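The block underneath contains the structure these notes are about, expressed in structure tokens.
The values are calculated or read from the model by the stated rules, or taken from the named source; none is laboratory data. Note that the coordinates shown come from a computational prediction; the quantities given were computed from them, not determined experimentally. As a convention, Cβ positions derive from the backbone with ideal geometry for all residues, glycine included, and neighbour counts pool all protein chains shown. To get the accessible areas, we keep the full protein, side chains included, count just its heavy atoms, and leave off ligands, DNA and RNA. Shrake-Rupley method; radii C 1.70, N 1.55, O 1.52, S 1.80 Å.
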Amino acid sequence: MGLTGRVVDLDDIVADVMTKRRVDGARIVGVDGPSGSGKSTLARRLLARTPGARIVQIDDFVSWPDFAGWWPRFEAQVLQPVIAGRDARYQVRDWVNDEFGTSLAGWKTLPWSPVVVLEGVTCTRRAAAPHLAYSIWVDSPEQLRLDRGIARDGEDHRDLWLTWMREEREFFAADGTAQRADLRIDGAPSVAHDPETQVVTL
């Protein structure tokens with residue numbers, strides 16, 4: 001699956017994931033990459049093809065002023081319970097009432113499942129790697145990612161996005177995240193494919 005520009009069926013990715021041994025009792029699949037690259041769309045499509053799988057979105061933890069420091073809370077409230085075979089109960093970011101801060105809101109419960117998909121920026125960081133059965137890196141051109149972000153959040157968020165993207169570049173370069181991925185996906189491919197059922201490798 002490592003060939004650049006190769007068209008891969010999503011069903012084949014799921015089948016590949018299911019051949020991997022469980023790590024600490026669960027198959028944890030991480031879908032990582034910079035913001036606006038297409039991670040969420042891919043994660044949803046993989047989830048739909050994996051009966052019984054659950055998803056945790058990193059947007060429930062991250063905040064504009066705290067790019068990476070939320071990890072200890074994620075590790076304690078999600079990762080440790082999942083690898084111990086327990087339901088995870090975690091407190092989510094209050095994006096509605098405190099968009100630009102770090103306040104927390106209500107709680108979510110993630111019923112334990114033998115397959116858990118993590119979706120979001122830095123979810124496959126080096127600290128998570130020993131617990132992952134499979135990691136996917138999704139990337140797109142920087143300008144396209146910025147355009148997607150502004151279209152979603154508004155022009156008044158441009159400076160926030162530019163700062164965020166710089167933090168992403170620095171973190172991923174130091175962490176070596178993309179290099180560890182089992183599969184690297186093009187979030188804006190020019191190769192002909194069916195986006196509902198297929199992806200294209202980087």
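Couple of notes before you dig in:
- The range 55-170: mean projected area of Cα convex hull, nm²: 7.6
- The range 43-142: trypsin sites (Lys or Arg not before Pro) falling in loop per DSSP and having at most 13 other Cβ within 10 Å: ARG86, ARG126
- Two-site label geometry, ARG6 and ALA129: point separation in nm, points 7 Å out along Cα→Cβ: 2.2
- For the chain, the equivalent ellipsoid derived from the Cα gyration tensor has semi-axes of 24, 23, 15 Å, listed largest first.
- Accessible-area rank, largest first, for ILE150, ILE58: ILE150, ILE58, with all protein chains present and a 1.4 angstrom probe.
- Counting only Cβ charges, +1 for Lys and Arg and -1 for Asp and Glu, the dipole size of the chain around its Cα centre is about 800 debye.
- Across the range 119-202 the C-alpha pair distances fall into 5 Å bins from zero in the proportions 3, 13, 20, 21, 19, 15, 8, 1 percent.
- Here THR109 sits with roughly 80 square angstrom of accessible surface, probe radius 1.4 Å.
- Dipole moment magnitude, nearest 20 debye, the range 1-107 about Cα centre, only Lys, Arg, Asp, Glu C-beta charged: 460
- Using the Cα coordinates of the range 8-50, the gyration tensor eigenvalues translate into equivalent-ellipsoid semi-axes of 20, 14, 8 Å, sorted from longest to shortest.
- Relative contact order [Cα under 8 Å, 6+ residues apart], the range 82-202, whole percent: 23
- Cleavage-rule hits (chymotrypsin sites (Phe, Trp or Tyr not before Pro)) in the range 97-160: DSSP loop, at most 13 neighbouring Cβ within 10 angstrom: PHE100
- Dipole of the chain, positive end: most advanced residue of GLY33, PHE61, TYR90 [Cβ charges, Cα centre]: TYR90
- Approximate shape of the range 73-117 as ellipsoid semi-axes (Cα gyration tensor, √5λ), whole Å, largest first: 24, 9, 8
- Peptide ranges 19-26, 184-191 listed from the most packed, as the mean C-beta count within 10 angstrom indicates: 184-191, 19-26
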